[in-house]
Structure formats: C-alpha cells, structure tokens
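Report on the structure given below.
Nothing in this text is a laboratory measurement; each read-out follows from the coordinates by a stated rule. In this text the structure is predicted, and so the values were computed from the model without any measurement. Note that we place each Cβ from the backbone using ideal geometry, even for glycine, and neighbour counts take in every protein chain shown.
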Amino acid sequence: MPSRLRIAASLTIGNFVLPGLLGELMRANPDDRYEVLIGNSRRVVEHLLDGLADIGLIEAPLTHRQLVSERWLRDELVVFARADHPLLARPFSLSELAATPWVMREAGSGVRQMLESLLLPHLGWMNLLLELGSGGAVGEAVRLGLGISCASRRSIERELARGEFAVIPLPEIPMERRFYIAWHAEKRLTTGAEKLRAACRRRLEEEGG
C-alpha cells in the first residue's frame, strides 16, 4: 500500500544528503509520496513536537525529552574563505582567526550550534560581522569577500573543487560532528518513516559508520 511521509530536515542534510535518499526510495516505491520541510535544526525539532513531521534529520544532538534520536552520519565541519583570503597565504594565530570578520548561519542552526561547541572554546570570541538564514546566503557573502565562515564540507565541495573557496586549516582542533535521525517518543514510526530510516542506515554503512 502506498505511503505518505512527512520529513523535516535541517539545511545541510536537506540540500546535500536527503535528495539521494529520496531518489533511492522513489525508485523502490514509485507510488509513495513525500512532503519535505527544510529548515534549521530548531525548526525541525518544533515540527516533530507539533506532529507536523513523521521523522526528522538533524545536525545537532537532541536534548528534548519528548524526542528520541539515533546517531547517523559523520560530518566534517571546515572553516573556509574565498581562495584569495590573506589567512590562506601565511601562518596565523587563533587570536587572528577570531578577529577576522565572520559570516555565520543564524542561532538555532546545526552548524552554528556545533561551531560554538567545537571551535568557540578555542577562540574565546568571534568577530561575527553578519548572520544569515541560509547556507547559500553565507556562501555568497564569503564569495564576495565579506568574511570567513564554517560549514559542512559536503555543502561546499563544488566550490572547493572549482577553486572558489579554500579550507583554512585547523589541524589541532577536531571539527567532526554527527547527524541524527529523530522522531517523537510517543509516536510509532509510520511505514514510510521506517523505509527512510532503513535507507539512512544503508547510507551509514556505505560511508563506513
């Protein structure tokens, strides 16, 4: 019997991981239907709590008691800049990195949460010049030379390959995070949600856990 699945996904997952998963599911189940909300991790949590999504894919650990989650893909965060940025041409200190103008996603996004958890303790502060509501807007601001930023390597692979952006190396600071699959603790996963969860597990195996 065909199923309808309501998915809430945070932006990096929704734009760069979920399309491949949906393609796999649509080929295997051509009669199934999908409704996808893409927003920041905070909004994904709100949709799960409000019953507006059957399953969520998020980029930061959950803390809400009404939701359960399981760890999913590993994801590397990188600090990046336009390829001609001065920091890429010479050694720099962490204080210089902190003082450099930053362009970041808004509070509530998974990238922002993990940046503040993984990198901010090493920097102490950040010269946050501009906050934007989408990864695309952040990328355009970096392309225009307005500042440096931090993002999932998955989200800027094309720009790195074309030589538009370059990674600012931080070899002493681990910048890995996990994606998570989440759902409401008091609701049983629908048939469609179980199919997506199985596809997510297959992707995890393909990427080596």
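Within the set of other residues whose C-beta is less than 14 Å from the C-beta of residue 73, count the net charge using Lys and Arg as +1 and Asp and Glu as -1.
Numbers: positive: 71, 74, 153, 154, 177, 178, 197, 201, 202, 203; negative: 59, 70, 75, 76, 176, 205, 206, 207.
Its environment carries a net charge of +2.
Compare 120, 49, 196 in a GNM of the chain, Cα atoms joined below 10 Å, and give the one with the largest fluctuation.
Sorting by GNM fluctuation, first place goes to 120.
Calculate the all-directions average of the projected area of region 75-176's alpha-carbon convex hull, and give it in nm².
With the hull built on Cα positions only, its mean projection is 5.7 nm².
Using the Cα atoms of region 3-72, I'd like the radius of gyration and the largest Cα-Cα distance, Dmax, both in angstrom.
12.1, 36
State, to one decimal in nm, how far the label point of residue 36 lies from the label point of residue 117, with both points 7 Å from Cα in the Cβ direction.
2.4
Within region 98-200, report the GluC sites (Glu not before Pro) that DSSP leaves as loop and that have at most 12 other Cβ atoms within 10 Å.
172, 186
Where in region 151-182 does the label zone of residue 127 land, with the point 7 angstrom along Cα→C-beta and an amide N cut-off under 20 Å?
The answer is 151, 166-170.
Taking only Cα atoms and a 10 Å spring cutoff, compute GNM fluctuations for the chain and point out the largest among 17, 78, 68.
So, out of 17, 78, 68, the one fluctuating most is 68.
Grab the beta carbon distance between residue 134 and residue 95, set R0 = 25 Å, and tell me the FRET efficiency rounded to 0.05.
Between residue 134 and residue 95 the formula returns 0.25.
Considering the dipole of the chain built from charges on the beta carbon (Lys and Arg +1, Asp and Glu -1) around the Cα centre, which of 136, 60, 72 is farthest to its positive end?
Among 136, 60, 72, the one farthest towards the positive end of the dipole of the chain is 72.
Considering only DSSP states other than H, G, I, E and B, which chymotrypsin sites (Phe, Trp or Tyr not before Pro) in region 1-99 qualify as loop sites with at most 11 other Cβ atoms within 10 Å?
Details: sites: 16, 34, 72, 80, 92; in loops: 92.
Within region 1-99, no chymotrypsin sites (Phe, Trp or Tyr not before Pro) qualify (loop, at most 11 other Cβ atoms within 10 Å).
Find which of 173, 185, 208 sits farthest along the positive direction of the dipole of region 92-209, computed with +1 on the beta-carbon of Lys and Arg, -1 on that of Asp and Glu, about the Cα centre.
Positive-end residue among those listed: 185.
Nothing charged except the Cβ atoms of Lys and Arg (+1) and of Asp and Glu (-1): what's the magnitude of the dipole of region 1-67 about its Cα centre? Round to the nearest 20 debye. It would help to have the intermediate numbers written out before the result.
Numbers: 7 positive and 8 negative charges, 21 e Å.
Dipole magnitude for region 1-67 comes out near 100 debye.
Provide the convex hull volume over Cα atoms per residue for region 128-180, in Å³.
Normalising the Cα hull of region 128-180 by residue number yields 111 Å³.
Using a basic spin-label model with each label point 7 Å from the Cα along Cα→Cβ, how many nm lie between residue 158 and residue 190?
Spacing of the two 7 Å Cα→Cβ label points: 3.0 nm.
Report the Cα-based extents of the chain along its three principal axes, largest first, to the nearest Å.
60, 36, 29
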